[in-house]
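K.L.:
Quick one: the structure is below, questions incoming.
Here, each number is a calculation from the coordinates, and none is a lab measurement. Since the model is a prediction, treat every value here as computed from it, not as a measurement. Positions of Cβ are backbone-derived with ideal geometry, glycine not excepted, and every protein chain shown enters the neighbour counts.
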Amino acid sequence: MLVVNALLIAAGLTYLVVELLVERPDSLSTAIAITVTVALAMLGAVLVIVHLARGRAWARSGALVWQALQIALALGSFQGLFARNDIGWLLLAPALAAIVLLFLPAVVAATGRREG
């Protein structure tokens, strides 16, 4: 589930980079800032996935924070003048599923390795 989310972030980052190179944004500094923010999110997602695969306990909390932020984005997508329910559900459903999976006993046992 987290790998699929990371691939979607990568797709969004690719889109932003292409748009930044092809189109003329209204605000270049804002476009660059958003692109850098998504790139940092991509880096964080990759780090969480790699360390979950290595069984690191802290990576579950990183994944949980990632899902909480995704839920916040989903809730924002349901509201306002430019509300997009389709995008909201595409963000909300996998985030909730990932949270449930993070707390399965098998996942907790597999990620029980502590640093130290």
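K.L.:
In degrees from 0 to 90, rounded to the nearest 10, what is the angle of the helix 28-53 Cα long axis to the longest principal axis of the chain?
P.N.:
Between the helix axis and the principal axis of the chain, the angle is about 20 degrees.
K.L.:
If you take the charge dipole of the chain about its Cα centre, with +1 on Lys and Arg Cβ and -1 on Asp and Glu Cβ, which of 51, 106, 91 is farthest toward its positive end?
P.N.:
106
K.L.:
Also, quick follow-up: What value, in deg cm²/dmol to 500, does the helix sum -39500 (n - 2.57) over DSSP H runs of n ≥ 4 give at 222 nm once divided by the residues of the chain? Intermediate results must be reported in sequence, preceding the final value.
P.N.:
Values: 5 runs with 91 residues, N = 116.
So the helix-based figure for the chain works out to -26500 deg cm²/dmol.
K.L.:
I would also like to ask the following. Can you give the charge dipole size of the chain about its Cα centre, rounded to the nearest 20 debye, using +1 on the beta carbon of Lys and Arg and -1 on the beta carbon of Asp and Glu?
P.N.:
For this selection, approximately 540 debye.
K.L.:
Which one, (i) 92; (ii) 136; (iii) 111, gives volume of the Cα convex hull per residue in Å³ as derived from the coordinates shown?
P.N.:
The value computed from this structure is option (iii).
K.L.:
Then there's this: Modelled label-to-label distance, residue 28 and residue 110, 7 Å Cα→beta-carbon offset: nm?
P.N.:
4.7 nm
K.L.:
Another question about this same structure. What relative contact order, as a whole-number percentage, does the range 2-110 give when Cα pairs under 8 Å and 6 or more residues apart are counted?
P.N.:
21 percent.
K.L.:
Could you work out how much longer the chain between residue 86 and residue 21 gets when fully extended? Use 0.36 nm per residue separation minus the Cα distance between them, nm to one decimal.
P.N.:
Details: separation 65, 0.36 × 65 = 23.40 nm, distance 2.77 nm.
In short, 20.6 nm is gained.
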